Amino acid sequence: MQSELSIVWIYPDLLSTYGDQGNVLVLEQRARARGIQTRTVHVRSSDPVPQQGDIYLIGGGEDRPQILGAERLRRDGGLHAAIQRGAALLAVCAGYQIMGTVFGGEEGQPVPGIGLLDISSGRGERRAVGELAAEVDPALGLPTLTGFENHMGVTRLGPGVRPLSRTLTGIGNGDGTEGCYAGRVIGTYLHGPALARNPALADLLLSWVTGPLPPIEDSWYQALRDERLRAVLPS
Amino acid sequence: MSQLPLRAQLASALGRTAATLSRATGRGDGSVIGGRVGLMLEPDLLRKLAADRKLVLVSATNGKTTTTRLITSALQELGDVATNAFGANMPAGHVSALASNKDAPYGVLEVDEKYLPEVLDTTNAGLVCLMNLSRDQMDRAAEIWLLAQKWRRALAGRPVHVIANCDDPLVTWGASTAARVTWVAAGQRWREDSWCCPECGGPLDRSGFGNGGQGLTAAQMADTNWACRECTFRRPEPSWVLDGEYVTDPRGQHWRLDIQLPGQANRANAAVALAVAETLGLDPARALPRLRMVTSVAGRYTTVERDGRSLRLLLAKNPAGWLEAFDVADPALPIILSVNAQGPDGRDTSWLWDVDYRILRGRPVLVTGERRLDLALRLAVAGVPFQLCDSFEQAVGLLAPGKIDVIANYTAFQQIRAEFGRAV
Ligand SMILES: [Zn+2]
């Protein structure tokens, strides 16, 4: 690892609604709390995606920016190169769908994704809006996932990915699972933002780059998690 | 206006009774419930009540209520004005507002952004005033580009005159299908939703405009203008220009605003109000004194007193609103922040992460509201020291007597207002 951790936020000009900036801020804060210097690059959609980053983030957005974002990422190729090098990626909502082979456009028409995850998405019948809680794949060793979802998408997982979690409440992918992962690429429908609600997920991304991390004082994260999970799960 | 058909007269009378009841029982301002009763009885009521008046519709993500109030205040110079002063900004509220003042020759209606096409269609309003569009209450899926597109369709092919803020690219795009537009350079503080061209998706370049104004920082002066790098969509030439405290009218005359309402966002609202007033024949010399009479709007900007503490109440419903509130808040004073996530607030608190709270470093910050833990974590990550309080009352009690700023989102603000008996 180089001396500072490089975080790349992809296309905040197109895909950064629903507080997705929070994922960047949480990664920075949790790295800093461990004495790790970070450098964050905001990549506008008119600029090339750097290939040498450590952790890449891409967020949610409306239909049209999603289509534009997918086109530009495909044309650019920088993200593909970075992932092949072993960089980590967290893709949220519209950004998650973009990583698949196909997703639903403004009128439900199929739009090609960029194929970094073996998933395909389409438009569901109803908008999934609300709190979500889910048990994470035990292989990842993470506590219950919590967040807020707001999307029309239904996502089918192919054999090349594993479900990130199984839903306890909420819709997620639409088949009882939420999100998926393959290698160091994680996709999720969760806002909240996802890493603020799930600091262990932030630490997982960080540790893929830095190796094992010492625990830090993070009682505000835990207090919020406890409150949100209590609000949606039967005790 | 008194020549309404009998059924409509009955419906509007019943609506007024329900509104009176609602106020008397303390259940609300009464404006929505009255209108709902009226609309149920006579779906065409709004159309009939709107006819034969000079009607202004006011819409935006932020500043609707305040701008409606400012325009109303100005037009009172010309005659009686019917208005939905309590922010009941959907058709039921409009019926209630117009029914309660049937003979007023002017109407100024605050309109929810999503309802603008419908209300325009029903009322055939001659003037529409559009100020800004930004992310708001996202769990209700207000996709703002789609919203602007609906405005375009609603305005096209209609004999309507639009007064619009050309510093907001999305508003410009939404307004530009109208037959006639008066552009006002009213400024844009929140830019996170306008990096891309609404016409083609290309990048918007910001560049120096240099309209030589007082009160703007060099940085603001440097990037007021905008243009798409890939298509012909660009900022139209404004007829009215706001520069800090001063508004320049289409004749090049400068007017010092000097309004009572604080902050640059309200100066923007006032600039737009002046343009609307002039369109209706009221020049700035007569409109300005009226704008200066407005001191608070539905409790916003009001100062209330409790146990030797003077609390100034600021409403912030979305990230752009928080920036405006920070602009008004005094860095030398302690500040209480209260956040809820009930239906009208949006149940998703993610937007807290779109707000840069670091500006609050260095002042005592107290955090309360139903979603105080969301805000607490947000501030902790931003490195802003704060104190968590179980209630607003507790927060007030923890602070020494003196001046205090309060910023709250929608239902949190209403709860605080209710504590002070809505007297504010
Ligand atoms: Zn363009």
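The values are calculated or read from the model by the stated rules, or taken from the named source; none is laboratory data. These figures come from a predicted structure and were not determined experimentally. Cβ sites come from the backbone with ideal geometry, for glycine too, and all protein chains shown count toward neighbours. Only protein heavy atoms, including side chains, enter the accessible area calculation; ligands, DNA and RNA are left aside. Shrake-Rupley method; radii C 1.70, N 1.55, O 1.52, S 1.80 Å.
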task = Kindly state which strands (runs of 3 or more DSSP E) lie completely within the range B:229-334 and contain at least 1 residues that are farther than 15 Å from B:VAL184 by Cβ.
result = B:254-256, B:303-306, B:309-315
remark   = Considering the range B:223-240, residues that are more than 9 Å from the ligand (Cβ to nearest atom) and hydroxyl-bearing (Ser, Thr, Tyr), and then whichever is surrounded by the most Cβ atoms within 10 Å (Cβ to Cβ), we arrive at B:THR224
ask   = Restricting to strands (runs of 3 or more DSSP E) lying wholly in the range A:86-127: which have 1 or more residues that are within 23 Å of A:ASP54 (Cα to Cα) and open to solvent by less than 10 Å² (accessible area, probe 1.4 Å)?
value = A:88-92
inquiry  = Return the residues of the range A:1-15 that are open to solvent by less than 10 Å² (accessible area, probe 1.4 Å) and within 13 Å of another protein chain (Cβ to nearest Cβ); say none if nothing qualifies.
reply    = A:TYR11, A:LEU15
request  = Starting from residues that are within 14 Å of chain A (Cβ to nearest Cβ) and modelled with pLDDT of 90 or more, keep the ones in the range B:169-195 and report whichever is farthest from the ligand (Cβ to nearest atom).
outcome  = B:LEU170
key: Unique match (being more than 16 Å from the ligand (Cβ to nearest atom) and either of a type in the set (Asp, Glu) or modelled with pLDDT under 95 (or both)) among B:GLU199, B:GLU113   = B:GLU113
request  = Keeping to the range B:94-132, report how many residues are open to solvent by 10 Å² or more (accessible area, probe 1.4 Å) and assigned to a loop (DSSP other than H, G, I, E, B).
outcome  = 9
ask   = Could we say that A:GLN37 is farther than 19 Å from A:ALA196 by Cα and surrounded by 15 or more Cβ atoms within 10 Å (Cβ to Cβ) here?
value = no
ask   = Is it true that some residue in the range B:322-338 is in the same structural domain as B:PHE386 (by TED's automatic domain parsing), farther than 26 Å from B:THR67 by Cβ and acidic (Asp, Glu)?
value = no
inquiry  = Between a residue in the range B:165-176 that is in the same structural domain as B:ARG234 (by TED's automatic domain parsing) and any residue that is in a helix (DSSP H, G or I) and β-branched (Val, Ile, Thr), which pairs come within a Cβ distance under 6 Å, given they are 6 or more apart or on different chains?
reply    = B:ASN165/B:VAL171; B:CYS166/B:THR172
request  = State all residues of the range A:40-79 that are open to solvent by less than 50 Å² (accessible area, probe 1.4 Å), more than 13 Å from chain B (Cβ to nearest Cβ) and of a type outside the set (S, T, N, Q); if no residue qualifies, say none.
outcome  = A:VAL41, A:VAL49, A:PRO50, A:GLY53, A:ASP54, A:ILE55, A:TYR56, A:ILE58, A:LEU73, A:GLY77, A:GLY78, A:LEU79
